[in-house]
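The values are calculated or read from the model by the stated rules, or taken from the named source; none is laboratory data. None of these values were measured; they are calculated from a predicted model. Positions of Cβ are generated from backbone atoms using ideal geometry, with glycine treated the same way; all protein chains shown enter the neighbour counts. Protein only, heavy atoms only, side chains kept; ligands, DNA and RNA dropped before computing areas. Shrake-Rupley method; radii C 1.70, N 1.55, O 1.52, S 1.80 Å.
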Amino acid sequence: DCYSCLSKIQRYVNRDLTYRCEKIIHNYVLKHGHRYASEIDKIMSYFTGDPQLPIGMNVYSVGCGPSTEIFGVINRLPNHVIHYKGFDTNQIWAPLNNCVRTLFPGHDVQFEDVDFFQFMAENDDHIDILIFNYLLSDMARQKDATFCSTFIDNVVSLCEARRISHIVINDVYLTYGTGTGYALMEELARKLQNNRNITWQGWRGHFATPKQ
């Protein structure tokens, strides 16, 4: 039962199970794909009409998995040419990503199976929109506190270096305590807001709970 395995992987108390089966990733897309894409589509509506957004935009996603966010980005920002890079070191997603790569003629869709911060250290890319789509909650489950804090500090350093213009975080809101994805989001927001070298403007919102 793939859905049973998927529920176990996504359970808050899970610390070791991850996406390692091709059947599970296809079930993942069938179960969550439209929802995650539509959530990013909604979030992107806050960027429409922004005169500061370049026509050719670098949109990078860390822990992209099946890269559902690209559907929302391109649908909501049709007047922009999207240069998308999805980062995920788990090769199980590669077949889906190879399919996604062919779906958007006129846009530049690429995937990297290397560490995001290593890539940024070796390249001088500027990111217009950086997306964490259900990344932080997964990271909070799978990684220890030191790894998570270092991740947040590295993101802040990139912002301080003016290499990231916007960050979009889309994640679960059910668990607010220490060691959760929500706590990591608030830690990032606090560190960005308190950094005198960064101009900060934040917005928080939530989607209604889906009906059964």
statement: Being open to solvent by 40 Å² or more (accessible area, probe 1.4 Å), among the hydrophobic types (A, V, I, L, M, F, W, C) and at pLDDT 90 or above narrows F47, F71 down to just F71
field: Subset of the stretch 101-124 that is closer than 14 Å to V62 by Cβ and aliphatic (A, V, I, L, M) - its residue that is most open to solvent (accessible area, probe 1.4 Å)
entry: V114
- line: Of (1) in a helix (DSSP H, G or I); (2) at pLDDT 90 or above, Y182 satisfies every one except (2)
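Matching residues to (1) closer than 23 Å to F151 by Cα; (2) of a type in the set (K, R); (3) under 15 Å from the mean Cα position of the chain (by Cα):
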| position | (1), (2), (3) |
| --- | --- |
| K42 | no, yes, yes |
| G72 | no, no, yes |
| W93 | yes, no, yes |
| D124 | yes, no, no |
message: So the check is Cβ under 9 Å with 6+ separation or different chains; which pairs have a first residue in the stretch 48-60 that's farther than 16 Å from I127 by Cβ and a second one that's modelled with pLDDT under 90 and surrounded by fewer than 10 Cβ atoms within 10 Å (Cβ to Cβ)?
response: none
message: Within the stretch 182-206, take every residue that is over 24 Å from S38 (Cα atoms) and basic (K, R) and give me the one that is surrounded by the most Cβ atoms within 10 Å (Cβ to Cβ).
response: K191
Those residues of the stretch 77-97 which are touching a residue at least 60 places away in the same chain (Cβ under 8 Å) and open to solvent by 60 Å² or more (accessible area, probe 1.4 Å), in sequence order: P95
